[in-house]
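Q: I'd like to ask you about the structure that follows.
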Amino acid sequence: MSDYKKIADELLGKAILAGAMFHQFNQEQTDHIVDKVFEAGFNARVRLAKMAAEESGLGLWQHKVIKNVVGTQLVYDSIKHEKTAGVISIDHKSGIMEIAQPIGPIFGIIPITNPTSTVLFKILISLKSRNPIIFSVPRRAPECCRKAVEICYEAALKAGAPEDCIQILPETNRELTHEVMVHPKLSLILATGGTGLVHAAYSSGNPALGVGPGNVPILIDSSADIPFAVENIINSKTFDNGTVCASEQSVVCEKAIAARVVAEFEHQGCYFLNKDETAKIEAIAFNQEKGVMSADVVGQPVTKIAKMSGIDPPEGTKILIAKQEHIGIEYSLSQEILAPILAFYEAPDYQSAIKECIDLNYLGGVGHTAGIYANDEERILEFSKIMNAGRIMVNTPSVQGAVGGIFNILPTSLTLGCGTGGKNITTENVTAHNLINIQRVCRRKVNEKWFNFDQSKYMDESLDINDILKEYNSNY
Amino acid sequence: MTNLNYSIDIHQLNGDFEGKLDTVISQEFQPVLELEIEKCKARKPNNNLKICFNFQGVEFITSTFIRICVASAKTVGKENFSIVNTNPLIKKTLKIAGLDEELNAS
């Protein structure tokens, strides 16, 4: 047996025991633990944010504080009244009662882009659903995650949670991660990360809830309030230097309003790159050979990206914007780049603008998030029906909108399901209710049609569907 | 609440438990049990000591207590350890933990 297998066995052995203990807890005991862990995580929000920003070298600590608040306060608000233990619903009319059961050990994989906030979020939803969780943390930000785990675990134990309800891999490497992923005692992988990792999770043989990559297109319609749209896009795209996968990647608008949109972006502090500058940014922002964004620019400020690429935008530039004409894998800036870099497309008309959004959506962000700024209900509906996205943000900054709880009442989550398009099983914002098995206790409510129908008639080949249904539905 | 008594005729240490076997109770119980096991073993050094825990009235167990059971079963041999009269919740808890057979729980 390899050392990694032994470590996985030990971790899962402890987790299974913790899960068995958790099974005995009722809703009140569970909620008490969640309350206390929320308090502890929330109170550590600034310390953990500073650690995360410093250790990962990505984003801004102030924005990471907000992420930690989202991962604690807003997540807590969205789950605190949810029933996750014992009887969770009774429908006397249908005769169906639902009982929640914990699913068992969860493996939580944490991305470098949102380390502590994702740890806090996953702990809260796991504890709320009475499941133990084991974390794999990013190599470039292990200590901030360990500290978050330590703080929450201590609070959980004080509140009466089972020993080993929260664990962390002693080291981060592919072999150990694999051993835990494929372990027969594991119940679910909660995979937030890159495509390769999510694919590995789904290939493990264990159930997985993953995410997909985002390549969020934003349509600014001619009916939109342009200054409002631009302000919202900037606030979203610059949040934590663009590290959130729901952040805007491309803005598409009709030619008729393009000049106004460009002027507004410039007025609000963004910089449109010329062709030479665009080429320089393309060269550093995307690795064409590997077909992925360059890790060097992820979560970096404009000043650093400018320095890296050798361009000289005006001081205080918020976002670097590159006008683009083409969409495709060979066009680097039409793809997901988690940095304050935005692609800009002018379409001849509204229909063309929607079609460009479809191309962007399907290029690498299918199932994730799309957005529209418009004041025309028909266009909002048309856009929404055409896009393949778990979340369609309307007149809303896509980052703060997609995570839920700020601009809408979507469940607050840092794991955004992308449906089958993103190779996921759900388009939901993953939360506590995704981590329970629901048993349906079914009382006898007979189907009278079925019992009153002479079922020997199904055996008679001379009777067609019309004959059968006529009699089946007779007198009803 | 815990109570230990020894049946010399069958060389068996019996434990009666009720209520919540939480961490504090488990930690207090562990040295007492270990001592008692040693004493019982000394009485008939050539015979296999049996341990039987009666869970009639036990409503809740912690992993600490389960670990004590596992350690005790290891000490006297799996076949000589048993838990009887578990309520369904405790039975399922041991089942989820994958220990119901190892601890001969019924």
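Q: Which numbered condition trips up residue A:130, out of (1) surrounded by 24 or more Cβ atoms within 10 Å (Cβ to Cβ); (2) away from chain B (no Cβ under 14 Å); (3) in a loop (DSSP other than H, G, I, E, B)?
A: Condition (2) is where residue A:130 drops out.
Q: If you don't mind, there's one more thing I want to ask. Does at least one position in segment A:146-168 carry a residue that is hydrophobic (A, V, I, L, M, F, W, C) and more than 27 Å from residue B:22 (Cα to Cα)? Let's see the steps before the verdict.
A: Pass one, segment A:146-168, residues hydrophobic (A, V, I, L, M, F, W, C): A:148-149, A:151-152, A:155-157, A:159, A:161, A:165-166, A:168.
Then keep just the ones that are more than 27 Å from residue B:22 (Cα to Cα); that gives none.
No, that holds for no residue.
Q: Only one of these is under 17 Å from residue B:16 (Cβ atoms) and not basic (Lys, Arg): B:96, B:83, B:66. Name it.
A: B:83
Q: If you check A:91, A:35, which single one turns out to be of a type outside the set (Lys, Arg), surrounded by fewer than 23 Cβ atoms within 10 Å (Cβ to Cβ), more than 30 Å from residue A:295 (Cα to Cα) and touching a residue at least 60 places away in the same chain (Cβ under 8 Å)?
A: Working: A:91 fails: touching a residue at least 60 places away in the same chain (Cβ under 8 Å).
Criteria check complete, one pass: A:35.
Q: List, please: which pairs have Cβ atoms under 9 Å, are six or more places apart or on different chains, and start with a residue in segment A:462-476 that is farther than 19 Å from residue A:448 by Cα and end with one that is of a type in the set (Lys, Arg)?
A: Close Cβ pairs satisfying both conditions: A:463/A:457.
Q: Can you go through A:456, A:462 and tell me which one is assigned to a helix (DSSP H, G or I), surrounded by fewer than 10 Cβ atoms within 10 Å (Cβ to Cβ) and of a type in the set (Ser, Thr, Tyr)?
A: Going through A:456, A:462 in turn, just one is assigned to a helix (DSSP H, G or I), surrounded by fewer than 10 Cβ atoms within 10 Å (Cβ to Cβ) and of a type in the set (Ser, Thr, Tyr): A:456.
Q: Let me ask you something else. Every residue in segment A:293-320 that is over 15 Å from residue A:271 (Cα atoms) and either in the same structural domain as residue A:115 (by TED's automatic domain parsing) or in contact (Cβ under 8 Å) with a residue 60 or more places away in the chain (or both), please.
A: Selection gives A:298, A:299, A:300.
Q: Now, a different point. Scan segment B:60-82 and give yes if some residue there is touching a strand residue (DSSP E or B) at 6+ places or on another chain (Cβ under 6 Å) and facing another protein chain (nearest Cβ under 8 Å), otherwise no.
A: Within segment B:60-82, one or more residues are touching a strand residue (DSSP E or B) at 6+ places or on another chain (Cβ under 6 Å) and facing another protein chain (nearest Cβ under 8 Å).
Q: So, one more: Would you check if residue A:69 is over 30 Å from residue A:447 (Cβ atoms), touching a Phe, Trp or Tyr at 6+ places or on another chain (Cβ under 9 Å), surrounded by 17 or more Cβ atoms within 10 Å (Cβ to Cβ) and free of Cβ contacts under 8 Å to residues at least 40 places away in the same chain?
A: When the stated conditions are applied, residue A:69 passes them.
The values are calculated or read from the model by the stated rules, or taken from the named source; none is laboratory data. These numbers come from a predicted model, not from an experiment. Note that we place each Cβ from the backbone using ideal geometry, even for glycine, and neighbour counts take in every protein chain shown.
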